[in-house]
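Reviewing the structure listed below.
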Amino acid sequence: HVDAHSLLSPLRFVNIAHRGGSGYAPEHTIFAYEIGEQLNSDYIEIDLQMTKDGHLVAMHDSDVSRTTNGVGKVKDYTLEELKQLDAGSWFYDKHPHYFQAEFIGATVPTLEEIFNTFGQHANYYIETKTPEMYPDMVHTLIETLESYGFTDPVLPDGKIIIQSFSKDSLLEIHKLAPDIPLIQLLKLDKKAKLSKNELDKIKTYATGIGINYKALTKNMVHDILQAGLLIHPYTVNDKKDMERLLNWGVDGMFTDYPDRLNEVINNK
Ligand code: G3P
Ligand code: CA
């Protein structure tokens, strides 16, 4: 029932800006998301954590120390406290070449701020991170999506995707909001296998699979597509890897460099 132009169509390839255009700006800041959009990605990818006072914020780690000048767990900060932290300066050590003075003092955005900034036109690929730490995360996420009209059935298919490594979290979402497309994230060891039975089970609640690309083989891609699931490998930053995966028929990729992925797609 999915039409060919839909973001979820197996005929459509999607470019997912991993943590924003996080190769060029500090991950999960408005700067990174803006760059992702400027580089013509299809999705802003957002990892969610939750503050002590129940606000959903974008951060990959449950601890603030890697990507801010603070220490400790997100869940021990109120939003007001978290907002005092500098989430931009650390990027200088990672990528001095791409560092810009305006990154200094960048703040950790809330999910609402992201929606307010990028509005209804952007597409969002949202991950519930360590949901076992945050009993209210799913409920708050669904409420927030509803209040922005993002669960409205007239919206394009796939405008919002929710992804998680946690099957329980996805099942909880599926119960509350059965129309939201879900991606089961997997982190497989090299040489691990995915059985037909496992894929069929995933298919009962998810639209597709997000998987670490290094463990992926051509046969696995075939089996996943055969099971009627989408496949979005993460996190692919090298053009040779992008080309190989594209030839295997994957439906999209997570990348820190959406421009590289577009170059590979357009040279095909
Ligand atoms: O969500 C896909 C990919 O981002 C999973 O890995 O650790 O970057 O969230 P991670
Ligand atoms: Ca993620």
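The values are calculated or read from the model by the stated rules, or taken from the named source; none is laboratory data. This structure is a prediction, so every number in the text was calculated from the model and none was measured. When we count neighbours, we look across all protein chains shown, and the Cβ atoms used for this are built from the backbone with ideal geometry, even at glycine. Please note that ligands, DNA and RNA were not included when accessible areas were found on the heavy atoms of the full protein model with its side chains. Shrake-Rupley method; radii C 1.70, N 1.55, O 1.52, S 1.80 Å.
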With DNA, RNA and ligands ignored, accessible area of His139 (1.4 Å probe; Å², nearest 10): 100 Å²
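Might you tell me the accessible area per residue for the range 14-266, computed with a 1.4 Å probe and given in Å²?
Heavy-atom accessible area per residue stands at 45 Å².
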Length-normalised contact order for the chain - Cα pairs under 8 Å, 6+ apart - percent: 19 percent
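Once every DSSP H run of n ≥ 4 in the chain is given -39500 (n - 2.57) and the sum is divided by its residues, what mean residue ellipticity at 222 nm do you get, rounded to the nearest 500 deg cm²/dmol?
Numbers: 10 runs with 82 residues, N = 268.
Roughly -8500 deg cm²/dmol at 222 nm, from the helical runs in the chain.
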Listed residues Gln163, Leu225, Gly20: farthest to the positive end of the dipole of the chain (Cβ charges): Leu225
At most 14 other Cβ within 10 Å, DSSP loop - trypsin sites (Lys or Arg not before Pro), the range 173-215: Lys187, Lys190, Lys191, Lys193
Qualifying chymotrypsin sites (Phe, Trp or Tyr not before Pro) in the range 170-255, DSSP loop, other Cβ atoms within 10 Å at most 16: Tyr205
Pairwise Cα inverse-distance average, inverted: Kirkwood Rh of the range 33-190 (Å): 16.5 Å
Residues Glu263 and Glu112, FRET efficiency given R0 of 30 Å [Cβ-Cβ distance, rounded to 0.05]: 0.35
Per-selection metrics, the chain (Cα): Rg and Dmax in Å: 17.8, 52
